[in-house]
Each structure stands twice: as structure tokens, then as C-alpha cells.
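Report on one structure; see the data block that follows.
The values are calculated or read from the model by the stated rules, or taken from the named source; none is laboratory data. Worth saying up front: this structure is predicted, and the values here are computed from it rather than measured. Cβ: placed from backbone, ideal geometry, glycine included. Neighbour counts: every protein chain shown. Each accessible area value is taken on the protein alone, full model and side chains, heavy atoms only, with ligands, DNA and RNA left out. Shrake-Rupley method; radii C 1.70, N 1.55, O 1.52, S 1.80 Å.
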Amino acid sequence: MGREVFSRSSYSEAKRDFGITRDHGVTARAEQQAMKTGKLLESVDPAAGGAIRRSLMRFDKNPGGDGWIVTVGVPMPIESDVDTTGSMGGNVDTFMKNLPDTYELSAEVLDGYDPQLALGIFGDVSDNFIFQRPQFEMTAKAIVGYLKDMVPERNGGDSPEDPQYGLFAAAYLTDAYINRIGLKGYHFCVSDATAHNRFTMGDLRRVFGDSALDVVNENAKKCYGNNKHFSESKIASLRIGDVVADLLKLSHAFFVQVEDDSYVSSFWAEIYGSDRIIIIDSTDYLPQVQAAIVGLTEGTLTLSETADWLVQHRVERFEALRLADQLARIPLGAQALLRDKLERPLPKAGDIFQQKTDLWPISDDRTTTITQSGGVEWL
């Protein structure tokens, strides 16, 4: 519940409260803790909290009578899984430095929504920690808090890395209100490398806990129906393309490639399709690129204004023009098309829900109730 959203002032306050005084080394304490204990902190451990990450409506008790009032708007999950191996090892510092832009630019193109950010990182199966995934959060204190708790190992073992467990989590371990009403969230995988195109039960349990398969199957059934069930043998035969095909049913998903490499591009184009591969020179302007993708997908940003919009938000004009050419290939207006198919207007701040588990507010006389057992249905 609550009405608080990210702001630059709360971001500065959170950094001060957590003792973050520099733009580098923000994870030093967490790295030291991990060396001592061999464990991640709960805020970034993919197995914590039952492994499922939720993006849900925020309510307060209606002060004017019965029911529950929407405090911000429709929750919009935005998840990033960023490579922290080798030369990409400084990306958590970059996440932290650019956090105000990451939130504000997304909010700018998502008017009326409640942007909720899960900024995760991945490495290699040879690392101590393959994947780190926080909850979806919307306040500076929570996001700064989980970023400082991450443990980028900056190794990687070999050239292919292991983002596939992050893709798996996004596809099968996410519970989002946005999907229940027929829309999609956003997912960005960011790397300069190809991937090991395999899954193992040992690594799945290592990342998501001993009961990972049971949790996955319970949530996958909810998201995809009775035809989605995983066994140990099916995990062994699973490939990244299979996972991304399912992820695209729930999310507008993109691969953001750092530095131009035709071998890397062709690998990921086979998985995502060439219209979902965006090549950038640096993660320094990842927030601008992601927000542009969101805006073009939502229909709140037009292709003709994209280059100028990027320049306005501190991207060099030459690079902005190059990016605009690439962005012309993505599925423009894909979310807008889904939104046009809805039979009702989106819920908005101030709308009243009779029950927290209702799918639509009582202002719509066709209120539909969500009936799910054992899950959290709101924040």
C-alpha cells in the first residue's frame, strides 16, 4: 500500500542514509559480506520470498466508505537483467548512478502507470552467484537498498555467459497484475556476449532453491494454463529460445547488446528476432534507450520525434540518430494495440475496488474477481 514514488530528493536521501558517497564501489559491503558467508542478502537472492516476484496494484482503505482506493495507477513491471562479467563488471555502479534517469524517463512515457523496477544482474555458472533478482520496487529507498546489496563478481569463466536463468525467472517466476488485464510488462536482457544455451536442475535449484520446480510449475500453470508443466527431464532439454517464446507472451522483451559484434547479434536474433535486438555502445545511456523502447511500444513516443527526444535527454545527436534507425525496427505500438482490445478503460489513481482481489474497479459494472489461492494479490 502507500502512495510514495521515486523522486530525486528521496534518491539522495536514501544514498545518504545507506552511506553511499561515491559513484563507484557501491556494492563493496555486500561483496565483503558474501565472501564471509557465501550467501547473498535476501533482497537480491532469487530464492528469497518464495522465488516469485510480484508487480501488483497498490491500495489504501477508501476513506470515503467501503472498498479500496487505487493510490498510484496500474503497476507496470520493468525488469532489467544486466551482465556483470569481465568488462561489464561495473554495471551495478552504473545502475545506481543512473537510477533517477531510469525511473523518471520510464515514468515520462508511462503516464498514469505505477512503474515498478526490478534491476537484476547475471554472471556465469562458474561464478558463486549465477543470477541476482530483487523484488519489483517503486521507491528510492527500496531500489537503492537492493542495488547496494548486489554482488557483481566480474569474472565469467568463458565467453558465453548465463543470462538464461534470468530469462527463466521472468517467464515463469513472475506474477504481474498487468498480465491479468491483457497487457504486458517490459523485460531487457543486457550483455555483450552470447549465452550457454542450456539449463540444469542443479543450477536451477542453486539459483531458486530446493523447491524451485514446484514453485515454477505452480506459477507457470497460473500464467500459461494446464499445458505448461516442467519435469527434470524437460529442464534438461530446455533451450533459451523456448523460454523467450514464453516470455514474449507476458512481456515486451528485448536484448540490448553492448558493442557491435555480428556473432553476438546473430545468436540473439535467432532467439528474439532481429526486431528486438538493439545495439548500444555503453550502458551509460541505457535508461534513455529503454525508455524510448517503452514509449514507442506504448505509443506515447513517435518514431519521428525519437531522435530529438533522445538528444533532449543527453544522448549525443549522432548516437541518437543511429539509435532511432534501430528503433524503427521494433514492434511499434504493440502495447497500444493490446490496450485497444480491452473492453474497459485502465484503472487509475482514485478508482475504487470493492475487494482487493477484484480485477477491475467498481466504477465498471462488469467487475471481475480474481480467484487464486495462496498468492498475494496487492501491495
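Quick rundown of the values:
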read-out: Qualifying positions in the range 197-215 - free of Cβ contacts under 8 Å to residues at least 60 places away in the same chain and assigned to a helix (DSSP H, G or I); value: Met201, Gly202, Leu204, Arg205, Leu213, Asp214
read-out: Top-ranked residue in the range 229-244 [being within 15 Å of Gly166 (Cα to Cα) and assigned to a helix (DSSP H, G or I); ranked as most open to solvent (accessible area, probe 1.4 Å)]; value: Asp242
read-out: Whichever residue in the range 180-228 is of a type in the set (Lys, Arg) and within 30 Å of Gly299 (Cα to Cα) and, among such residues, is most open to solvent (accessible area, probe 1.4 Å); value: Lys222
read-out: Count - residues of the range 106-132 that are open to solvent by 10 Å² or more (accessible area, probe 1.4 Å) and within 16 Å of the chain's Cα centre (by Cα); value: 2
read-out: Meets criteria (part of a loop (DSSP other than H, G, I, E, B) and within 17 Å of Thr283 (Cβ to Cβ)) for Pro152; value: yes
read-out: Counted residues, the range 67-96 - those being open to solvent by 10 Å² or more (accessible area, probe 1.4 Å), within 18 Å of Asp358 (Cα to Cα) and not β-branched (Val, Ile, Thr); value: 1
read-out: Cβ pairs under 6 Å, 6+ apart, first in the range 1-30 and within 27 Å of Leu56 (Cα to Cα) and open to solvent by 40 Å² or more (accessible area, probe 1.4 Å), second part of a loop (DSSP other than H, G, I, E, B) and not small (Gly, Ala, Ser); value: Met1/Arg58; Arg3/Thr71; Glu4/Thr139; Val5/Met138
read-out: Which numbered condition Leu173 fails, given (1) touching a residue at least 60 places away in the same chain (Cβ under 8 Å); (2) open to solvent by 30 Å² or more (accessible area, probe 1.4 Å); value: (2)
read-out: Members of the range 45-66 found to be small (Gly, Ala, Ser) and open to solvent by 20 Å² or more (accessible area, probe 1.4 Å), listed by number; value: Ala47, Gly49, Gly50, Gly64, Gly65
read-out: Condition met for Thr139 (in contact with a strand residue (DSSP E or B) (Cβ under 9 Å, 6 or more places away or on another chain), open to solvent by 10 Å² or more (accessible area, probe 1.4 Å) and hydroxyl-bearing (Ser, Thr, Tyr)); value: no
read-out: Hey, Leu323 closer than 28 Å to Leu99 by Cβ and at pLDDT 95 or above or not; value: yes
read-out: Set Ile271, Ile277: member being β-branched (Val, Ile, Thr), buried (at least 21 other Cβ atoms within 10 Å of the Cβ), over 20 Å from Ile78 (Cα atoms) and out of contact with any Lys or Arg (no Cβ under 7 Å at 6 or more places or on another chain); value: Ile271
read-out: Single unsatisfied condition, Leu301 versus (1) more than 28 Å from Thr194 (Cβ to Cβ); (2) not in a loop (DSSP other than H, G, I, E, B); value: (2)
read-out: Selection count, the range 263-293, where residues are in contact (Cβ under 8 Å) with a residue 24 or more places away in the chain, more than 19 Å from the chain's Cα centre (by Cα) and within 16 Å of His187 (Cβ to Cβ); value: 1
read-out: Unmet criterion (only one of (1) out of contact with any Gly (no Cβ under 9 Å at 6 or more places or on another chain); (2) farther than 23 Å from Ala107 by Cα; (3) in a helix (DSSP H, G or I)) for Ala292; value: (2)
read-out: Any chance Glu42 is touching a helix residue (DSSP H, G or I) at 6+ places or on another chain (Cβ under 8 Å), open to solvent by 30 Å² or more (accessible area, probe 1.4 Å), charged (D, E, K, R) and within 29 Å of Cys223 (Cβ to Cβ); value: yes
read-out: Residue under evaluation Val258, criteria (1) closer than 16 Å to Asp81 by Cα; (2) open to solvent by 50 Å² or more (accessible area, probe 1.4 Å), criterion not met; value: (2)
read-out: Some residue of the range 324-344 being more than 27 Å from Asp242 (Cβ to Cβ), more than 24 Å from the chain's Cα centre (by Cα), of a type in the set (Asp, Glu) and assigned to a loop (DSSP other than H, G, I, E, B); value: yes
read-out: Qualifying positions in the range 101-144 - assigned to a helix (DSSP H, G or I) and in contact with an Asp or Glu (Cβ under 8 Å, 6 or more places away or on another chain); value: Ala140, Lys141, Ile143
